[in-house]
1. Quick one: angle between helix 2-15 and the longest Cα principal axis of the chain, in degrees between 0 and 90, rounded to 10, please.
2. Over all directions, how big on average is the projection of the convex hull of the alpha-carbon atoms in the stretch 140-269, in square nanometres?
3. In nm, what is the difference between 0.36 nm times the number of residues separating residue 268 and residue 170 and their Cα-Cα distance?
4. Mind listing the phi-derived Karplus ³J(HN,Hα) values for the stretch 229-237, rounded to whole Hz, using 6.51, -1.76 and 1.60 with θ = phi - 60°, and x for any glycine or proline?
5. Could you list, bin by bin from short to long, the percent of Cα-Cα pairs of the stretch 91-163 in 5 Å steps?
6. For the stretch 254-262, in order, what is each residue's ³J(HN,Hα) by Karplus, 6.51 cos²θ - 1.76 cosθ + 1.60 with θ = phi - 60°, in whole Hz (x at glycine and Pro)?
7. Quick one: what does P(r) look like for the stretch 201-263 with 5 Å bins over all Cα pairs, in whole %?
8. Here is the link list: 67/249; 104/193; 99/159; 4/257; 99/257. Which ones come out longer than 30 Å on Cα distance?
Amino acid sequence: MLEKTRQTVSFIQEKFNITPEVGIILGTGLGGLVNEIEIQHTIDYEEIPNFPVSTVEGHHGRLIFGKLGGKNIIAMQGRFHFYEGYPISEVTFPVRVMKYLGVKTLLVSNASGGVNPDFEIGDLMIIDDHINLIPNPLIGVHNNDFGARFPDMSEPYDKILIARAQDIVKKHHIKTQIGCYVATTGPTFETPKEYQYFRIIGGDTVGMSTTPEIIVARQMGIPCFAISIITDLGVPGKIVEVTHEEVQKVAAKAETKMTLIMRELISQL
Ligand code: HPA
């Protein structure tokens with residue numbers, strides 16, 4: 001994995017003169033942030049050695065290099081999910097590449113189903129903890145160059161970044177929740193009892209991404225910030241049929257708020 005990471009990093013560095021300090025995974029709700037990036041270079045995932053190859057037609061992702069909020073950034077437009085069939089170490093490979101390109105902060109977004117009865121559809125939730133129920137991306141041969149064999153997870157999401165984000169949402173009067181994100185493999189949405197179970201074990205929302213990338217970033221010592229858009233509710237009495245289309249529709253409505261938070265947060269780094 002280290003050799004592969006070095007190979008990919010050399011390839012990118014030989015192609016572009018870049019020194020990104022902020023990594024962004026443009027998950028659901030953050031698509032619009034692309035329009036705010038002063039784009040310097042882009043490269044399709046297909047062209048990057050060792051990057052996972054997308055199996056989904058019309059699902060072409062790319063890396064974007066540029067400036068945002070005065071910072072040099074690298075953004076993933078399109079992420080890899082475990083449910084697509086990639087080995088979990090491949091899902092998180094781009095985060096390893098980011099680290100070796102110089103990234104010092106990782107920002108992530110996603111969509112999730114609220115299981116906290118106080119939540120409403122369209123709410124944003126700053127993630128301050130997670131429960132990872134996707135296979136752990138650190139399972140397998142260990143290389144100390146990446147970090148500890150048994151990484152500490154007492155502060156998966158950076159407290160300073162969370163505090164800054166809370167100041168930003170307060171200033172702009174953006175209703176924002178804070179809580180624990182449960183990550184499950186998907187691709188099925190939850191049964192009513194599964195939603196109930198995720199609430200009982202301590203979750204506020206449930207989704208199908210993010211925790212693998214955060215685990216890998218934390219092993220490598222990168223401070224992380226993640227925010228989720230609540231697109232549906234897994235709360236007794238409020239459960240209705242969920243579709244991917246509905247998730248996308250709700251997320252699109254929250255895009256402006258999500259973009260603003262991330263942009264301001266980056267400018268404060
Ligand atoms: N469950 C899992 N993942 C999700 C959901 C959900 O209800 N909503 C958006 N992503």
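1. Once rounded, one gets 70 degrees.
2. 9.8
3. Working: separation 98, 0.36 × 98 = 35.28 nm, distance 1.55 nm.
Here the answer is 33.7 nm.
4. 9, 7, 9, 7, 10, x, 10, x, x
5. Taking all Cα pairs of the stretch 91-163, the binned fractions are 3, 10, 18, 22, 23, 12, 7, 4, 1 percent.
6. In residue order, the calculated couplings are 8, 4, 4, 5, 4, 4, 4, 4, 5 Hz.
7. Reading the bins upward from 0: 3, 13, 19, 20, 21, 14, 7, 2, 0.
8. Distance filter (> 30 Å) returns 104/193; 4/257.
Every number in this text was worked out from the coordinates using simple rules, so none of it is lab data. Please read all numbers here as calculations on a predicted model, not as lab measurements.
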